[in-house]
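**Student:** Sending over a structure as structure tokens; questions will come in a sec.
The values are calculated or read from the model by the stated rules, or taken from the named source; none is laboratory data. Please read all numbers here as calculations on a predicted model, not as lab measurements. FYI the Cβ positions are ideal-geometry reconstructions off the backbone, even for glycines, and counts take in every protein chain you see. When the accessible area is computed, the model is the full protein with side chains, heavy atoms only, and any ligands, DNA or RNA have been set aside. Shrake-Rupley method; radii C 1.70, N 1.55, O 1.52, S 1.80 Å.
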Number of protein chains: 4
Amino acid sequence: MSPSPERREELLATAAEVFAAQGYNATTVRKIADEAGLLAGSLYYYFDSKESMLDEILSGFLTELWARYDAVLGTDLGPRETLEALVTESFREMDQRRAAVAIYQRESKHLQNQPRFAFLVESQKKFEKAWLGTLERGVAAEVFRADLDIRLTYRFLRDTVWVAVSWYRPGGQHSPEEIARQYLSMVLEGIALRE
Amino acid sequence: MSPSPERREELLATAAEVFAAQGYNATTVRKIADEAGLLAGSLYYYFDSKESMLDEILSGFLTELWARYDAVLGTDLGPRETLEALVTESFREMDQRRAAVAIYQRESKHLQNQPRFAFLVESQKKFEKAWLGTLERGVAAEVFRADLDIRLTYRFLRDTVWVAVSWYRPGGQHSPEEIARQYLSMVLEGIALRE
Amino acid sequence: MSPSPERREELLATAAEVFAAQGYNATTVRKIADEAGLLAGSLYYYFDSKESMLDEILSGFLTELWARYDAVLGTDLGPRETLEALVTESFREMDQRRAAVAIYQRESKHLQNQPRFAFLVESQKKFEKAWLGTLERGVAAEVFRADLDIRLTYRFLRDTVWVAVSWYRPGGQHSPEEIARQYLSMVLEGIALRE
Amino acid sequence: MSPSPERREELLATAAEVFAAQGYNATTVRKIADEAGLLAGSLYYYFDSKESMLDEILSGFLTELWARYDAVLGTDLGPRETLEALVTESFREMDQRRAAVAIYQRESKHLQNQPRFAFLVESQKKFEKAWLGTLERGVAAEVFRADLDIRLTYRFLRDTVWVAVSWYRPGGQHSPEEIARQYLSMVLEGIALRE
DNA sequence: AATGAATGAGGCTTCATTCAT
DNA sequence: GATGAATGAAGCCTCATTCAT
């Protein structure tokens, strides 16, 4: 009737790892099962379908991410501090759910058309609102440059953070906080030397 | 006996468009054929396999890109100017081969293990050498900041440029050169307002 | 060690209901278990297999039916009265084991090839003998028409009775005896008005 | 693009034969393919799914049947003659599409819930209307008995005809017309000898 | 150059059944 | 008596590819 949640979580983590490594489409259910040490059919004791695994992985990730973001946005920080906090939380999430982030990065665009994954579009919108709002506040408060196309800046920031998942490995040399610091330094101050 | 190169090129462009839109794995040969107005089997008059289409698309893209890069690197530009030129050429290439770039972005990582796509690894190495070299020259010449992890900076730059393919549409509001200018401005000077 | 016969009977009734509603093949063991309020695997404490449930349902039905028929045939009734009694007993059985009859109707033909269900063929033969004999006696005694193909008449009678299971619902408007009376009236006298 | 209609028809006939022999659920796509002399996957060049084969078989049958019935009902026949014509056409259809009729008999009830097979319900309704109407006309015109439950008579007639598919073999001893004549004789006049 | 038809491998999923607890 | 978890066989379907015409 109700399989143990712990085992589900384990299997979901395995699936996420494989999806991230090979891409969702290229991943066979059999491969996931092999990796998890059971037979392909047995996965269906825990999940309805391959797609529902993907669904849970992505919605789980977004739920957690938004808990982080909402905590930041609920505080009364200035625009620069907000931006710094959002970036830092993003890297922390990437540190904890690397696979999910990688899957999100690779698949979310194609998935958005399917009704089942409508929540991706929702999240996308909230995302844009939060970041654009912060940037606008920053321009108004004269802490961010006013001469940049703000939507371009938004995309630049958003992508620059998340694309890092392509090379980031949890437990590596740099902590997520350190990477966030360096990224923020580049993004905010630029890489050119100032005189 | 030998199919016309023009028709091949046409079909390849169609294939690239579909691969970019749906992902390589999720694209069926039939879908490409539909889009091109012939039957799936007929594509095999022009190409050995689905994979060989992908191969040609990616290698064609890299060949052209390296023609651009080599032209820049062959000139005697300073580090900052080199970086500016490389970024600009990248956006120009993206403008001309959007589909190929999108495919490269999405698939190249998974493809690198296959012997057939070894050229991706080669390119990757040359890429790294060119960019890292430029950055190092810049640090030495005191035009780039010395306090940044240079590999991190490299990845940041590389990704930040190419990931733009996810939203860039040729023929849109901004020319590739303009986008390059704004990106360079952000990357070099930062988005924070200076006093 | 040995499961209670009452519980078995209960479960068998549930299984019969589901088999009748959905067809044997389309019925999953899980569905039966759901309906009975336990898990699929638990059914195997009571029964060897899904097939053995079917077996018991059908042989139980035929055993009871033949008890009825034999009671009729053992009596010294005339052909017309015998026929009336057989039809009436058939409707009574249908009233008491609707599900089993429906399953028999739908599945017995396909099952007859399997050795396990050889008893279906046996029953079929006895059936034919009883009905055909009665009809022949009736023709000889000049109570049934002599101008009809007797095998055709047999099939007509047999099917006309049992196919009623497709719409008959126990506890409905008409008692089995009443339905038997009407059917017999139609079959014996015809539906055309006589002058 | 568009496979030859002749081949489709052939394959459909094969499928119908197998469905009729083993039941829809118990029939594997592989079995149909074996019987037709190709591989299971090849069937999908002609049909979308196993279910769509069933759909075509049943709707093809009903379309043809209704052509027959409508021709009869369009003529200005008396109730008895109408009934005779309908029964005769039914046996003719059974003669020409035995397999389809057998499938209809066995599966239509379970199928009626699925939206895809809503046409079965439609047909059922038209069916009932045509037969009930004829019976009522006959009672009014005093050619059919008035003392029978008319719905019971309808079911009796309907089932008695169609259930014959369980033993009828085209090309056998009796022509469909002859069987119709005998059935009508039994149904109209009864099997009891009159004095 | 292209079609129509078929192949065969492999993918996702279902399900009767088993068994330790 | 019953559960939870797993097995393994089999089913439907997809799809890259082939090939005679």
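**Student:** Per residue, what accessible area does the stretch D:1-47 have, given a 1.4 Å probe and all protein chains present, in Å²?
**Tutor:** Value returned for the stretch D:1-47: 56 Å² of accessible area per residue.
**Student:** Which parts of the stretch B:103-139, residue by residue, lose 40 Å² or more of accessible area when the rest of the protein chains are there, as against the chain isolated (1.4 Å probe)?
**Tutor:** At a threshold of 40 Å² (probe 1.4 Å), the residues of the stretch B:103-139 that become less exposed are B:R106, B:K109, B:H110.
**Student:** What does the accessible area of A:W131 come to, in Å² to the nearest 10, when a probe of 1.4 Å is used?
**Tutor:** Roughly 10 Å² of A:W131 is accessible to a 1.4 Å probe.
**Student:** Rounded, prolate or oblate, given the Cα gyration tensor of the protein assembly as shown, with a/c below 1.5 counting as rounded?
**Tutor:** prolate
**Student:** Comparing the chain by itself with all protein chains present, which residues of the stretch A:4-36 are at least 30 Å² less accessible (probe 1.4 Å)?
**Tutor:** By number: A:N25.
**Student:** Once you have a ≥ b ≥ c as the square roots of the Cα gyration tensor eigenvalues for the stretch D:83-193, tell me rounded if a/c is under 1.5, and otherwise prolate or oblate according to whether a/b is larger than b/c.
**Tutor:** Oblate.
**Student:** Further question: Would you work out what percent of the accessible area of the protein assembly as shown, with all protein chains in place, is carbon or sulfur (probe 1.4 Å)?
**Tutor:** Accessible surface attributable to carbon and sulfur in the protein assembly as shown totals 50 percent.
**Student:** Something else about it: Can you give me the Cα centroid spacing of the stretch C:1-42 and the stretch B:104-139 in angstrom?
**Tutor:** For the stretch C:1-42 versus the stretch B:104-139, the Cα centre distance is 62 Å.
**Student:** Okay, next question. Among B:E142, B:E128, B:E81, which one shows the highest mean-square fluctuation when chain B is modelled as a Gaussian network with alpha-carbon springs under 10 Å?
**Tutor:** Comparing B:E142, B:E128, B:E81 in a Gaussian network model of chain B, the most mobile one is B:E142.
**Student:** Please identify, among A:P176, A:P79, A:P115, the residue showing maximal mean-square fluctuation in a Gaussian network model of chain A using a 10 angstrom Cα cutoff.
**Tutor:** Ranking A:P176, A:P79, A:P115 by mean-square fluctuation puts A:P115 first.
**Student:** Also, quick follow-up: Would you mind calculating the relative contact order of the stretch B:1-47 from Cα pairs under 8 angstrom and at least 6 residues apart, reporting the percent as a whole number?
**Tutor:** The normalised contact order for the stretch B:1-47 reaches 34 percent.
**Student:** Report the one residue of D:L54, D:F127, B:N25 whose Cα lies farthest in the direction of the positive end of the charge dipole of the protein assembly as shown (charges on C-beta: Lys and Arg +1, Asp and Glu -1; origin at the Cα centre).
**Tutor:** About the Cα centre, the residue reaching furthest to the positive side is B:N25.
**Student:** Before I look further, what does the stretch B:50-189 give for accessible area per residue, probe 1.4 Å, in whole square angstrom?
**Tutor:** On a per-residue basis, the stretch B:50-189 sits at 42 Å².
**Student:** Mind checking the angle between helix D:79-96 and chain D's longest principal axis? C-alpha axes, 0 to 90 degrees, to the nearest 10.
**Tutor:** Helix D:79-96 sits at roughly 20 degrees to that axis.
**Student:** What's the Kirkwood radius of chain A in Å, using all Cα pairs?
**Tutor:** Evaluated on chain A, it is 18.3 Å.
**Student:** Any chance you could give the angle, 0 to 90 degrees and rounded to 10, that helix A:98-111 forms with the longest Cα principal axis of chain A?
**Tutor:** On a 0 to 90 degree scale, this one is about 90.
**Student:** Accessible area drop of at least 20 Å² (1.4 Å probe, protein heavy atoms): which residues of the stretch B:155-172 qualify, relative to the chain alone?
**Tutor:** SASA drop of 20 Å² or more in the stretch B:155-172: B:R155, B:F156, B:D159, B:T160, B:V163, B:S166, B:W167.
**Student:** Ordered shortest first, which distances in nm separate the 7 Å Cα→C-beta label point of A:G172 from those of the other copies?
**Tutor:** Here the equivalent label points are 2.8, 7.3, 7.8 nm apart from this one.
**Student:** Let me ask something additional. Interface D/C, total buried accessible area with a 1.4 Å probe, nearest 100 Å²?
**Tutor:** 4100 Å²
**Student:** Taking amide H atoms as placed 1.01 Å from N in the peptide plane, list the residues 5 or more away in sequence, or in a different chain, whose amide H sits under 5 Å from that of C:F144.
**Tutor:** Distant-sequence amide H within range of C:F144: C:V139, D:L193.
**Student:** Taking the Cα atoms only, what angle lies between the long axis of helix C:118-140 and the longest principal axis of chain C, rounded to 10 degrees?
**Tutor:** Between helix and principal axis, roughly 10 degrees.
**Student:** For the stretch C:1-47, just say rounded, prolate or oblate: build the C-alpha gyration tensor, square-root its eigenvalues into a ≥ b ≥ c, call rounded for a/c under 1.5, and beyond that prolate if a/b exceeds b/c, oblate if not.
**Tutor:** Prolate, since a/c reaches 1.5 and a/b exceeds b/c.
**Student:** Another one. Over chain B, what is the relative contact order in whole percent, taking alpha-carbon pairs under 8 Å and six or more residues apart?
**Tutor:** Answer for chain B is 24 percent.
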